[in-house]
1. Residues of segment B:102-134 being within 22 Å of residue A:107 (Cβ to Cβ), part of a helix (DSSP H, G or I) and more than 9 Å from every other protein chain (Cβ to nearest Cβ), which ones?
2. Can you go through B:92, B:99 and tell me which one is within 10 Å of chain A (Cβ to nearest Cβ), touching a helix residue (DSSP H, G or I) at 6+ places or on another chain (Cβ under 9 Å) and in a helix (DSSP H, G or I)?
3. Mind checking which residues of segment B:68-120 are among the hydrophobic types (A, V, I, L, M, F, W, C) and farther than 22 Å from residue A:13 by Cα?
4. Can you spot a residue in segment B:44-62 that is touching a residue at least 60 places away in the same chain (Cβ under 8 Å), hydrophobic (A, V, I, L, M, F, W, C) and away from DNA strand D (no atom under 14 Å from the Cβ)?
5. Determine whether segment A:54-65 contains at least one residue that is loosely packed, with under 15 Cβ neighbours inside 10 Å, part of a loop (DSSP other than H, G, I, E, B) and away from DNA strand C (no atom under 11 Å from the Cβ).
6. When the residues of segment A:20-43 are narrowed to those that are of a type in the set (Lys, Arg) and at pLDDT 90 or above, which ends up nearest to DNA strand C (Cβ to nearest atom)?
7. All but one of (1) at pLDDT 90 or above; (2) more than 6 Å from DNA strand D (Cβ to nearest atom) hold for residue A:65; which doesn't?
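The values are calculated or read from the model by the stated rules, or taken from the named source; none is laboratory data. Values in this document were obtained by computation on a predicted structure and should not be read as measured data. All Cβ positions, even for glycine, are placed from backbone atoms using ideal geometry, and neighbour counts span all protein chains on display.
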Number of protein chains: 2
Amino acid sequence: MVITRATEYAIRAILYMSRQPKGEIVYKRDICEAQDITPAFLTKILQPLIKEGIVGSQRGVGGGFFLAKNPADITLLDIIKTQEGPVYLNQCLVKEGNCNREFFCPVHGAWKKIRADFMQLLDKYDFASLAADQNTKLPVQSATDS
Amino acid sequence: MVITRATEYAIRAILYMSRQPKGEIVYKRDICEAQDITPAFLTKILQPLIKEGIVGSQRGVGGGFFLAKNPADITLLDIIKTQEGPVYLNQCLVKEGNCNREFFCPVHGAWKKIRADFMQLLDKYDFASLAADQNTKLPVQSATDS
DNA sequence: ATTCCGTAGCGCGAGTAATAACCAAAACGC
DNA sequence: GCGTTTTGGTTATTACTCGCGCTACGGAAT
């Protein structure tokens, strides 16, 4: 019951971009260095984010990636959904009719509620706040390496 | 991001036992039939529950399993923890010092909070209530097969 | 001796986490 | 304009881990 590494990296990458001036293009290389991600893997991770309209990309010389939305409008839930698909928690909730016990199984209803509450929990954290938190911890930019 | 089948089955098994008279021994075979679980797998699943003191077992002729605690004192979180270990959500939270970004990573704090809230969410559901829910759905016992 | 649970370990299959190779587009130099 | 360089886009492959279930043998109770 742990998020995948791809999700972890995606969150880091978005966080990194959130700290840049709005619309500023950042190099893949810079994200990788700052956040300890291999370039090839980062490419793959960013694709769904681009499709989702959260990240924009620019090819060619001087190209790179940038945030296509306001950090305040991006939440942890958004990122998790692009990487892992919808949050389900329980197999029975994956598809309607997937579980033939639905009629009488009381846990079914419980899971539905838990899932909804959990998603709401994740949706509370937006990247503007997260980036702000980081700024209070790290007033000096030069200490970003790990 | 889905719970394992073992957890699913464990919950079903506990639910089944919660509906029996307190302390009554049930056969493995009966649990398996009622809840669609293979006997060998159920054996494995019940072990951690026994170690945790949630389920009791009786060997020999006429032996079987029974609830060692009151259904009202067993929550979904208890079962999940026995099957999947502590709930972590994020690799960084698995072990203190596991994540060298802890100092400045703002997501770290967010995950800690989310995790605590999530666990509290799961801890709200006890098996006395769940079993009661089932009784309202299923007043007649003979309809329990799937 | 029989009937049950306890424990260890095996094996298939699916999913993770990368890596590699090749393709496409944009900008620059000439 | 044209080709080269610099970037991202896409697909395939791989090593590895883990979920899931099965098998086999051991141990306790009656």
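1. Filtering segment B:102-134 down to residues within 22 Å of residue A:107 (Cβ to Cβ) leaves B:115, B:117-134.
Retained after the next criterion (residues that are part of a helix (DSSP H, G or I)): B:115, B:117-123, B:127-134.
Result: B:115, B:119, B:120, B:123, B:127, B:128.
2. Numbers: B:99 fails: in a helix (DSSP H, G or I).
Answer to the selection: B:92.
3. Within segment B:68-120, the subset among the hydrophobic types (A, V, I, L, M, F, W, C) is B:68, B:72, B:74, B:76-77, B:79-80, B:87, B:89, B:92-94, B:99, B:103-105, B:107, B:110-111, B:114, B:116, B:118-119.
Within segment B:68-120, B:68, B:72, B:74, B:76, B:77, B:79, B:80, B:87, B:116, B:118, B:119 meet the criteria.
4. Among the residues of segment B:44-62, not one is touching a residue at least 60 places away in the same chain (Cβ under 8 Å), hydrophobic (A, V, I, L, M, F, W, C) and away from DNA strand D (no atom under 14 Å from the Cβ), which makes the answer no.
5. Scanning segment A:54-65 turns up no residue that is loosely packed, with under 15 Cβ neighbours inside 10 Å, part of a loop (DSSP other than H, G, I, E, B) and away from DNA strand C (no atom under 11 Å from the Cβ).
6. So the residue we want is A:28.
7. So the condition that residue A:65 fails would be (2).
Listed here are the residues, each with its yes/no results for (1) assigned to a loop (DSSP other than H, G, I, E, B); (2) within 10 Å of chain B (Cβ to nearest Cβ).
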| position | (1), (2) |
| --- | --- |
| A:7 | no, yes |
| A:12 | no, yes |
| A:29 | no, no |
| A:33 | no, no |
| A:77 | no, no |
| A:86 | yes, yes |
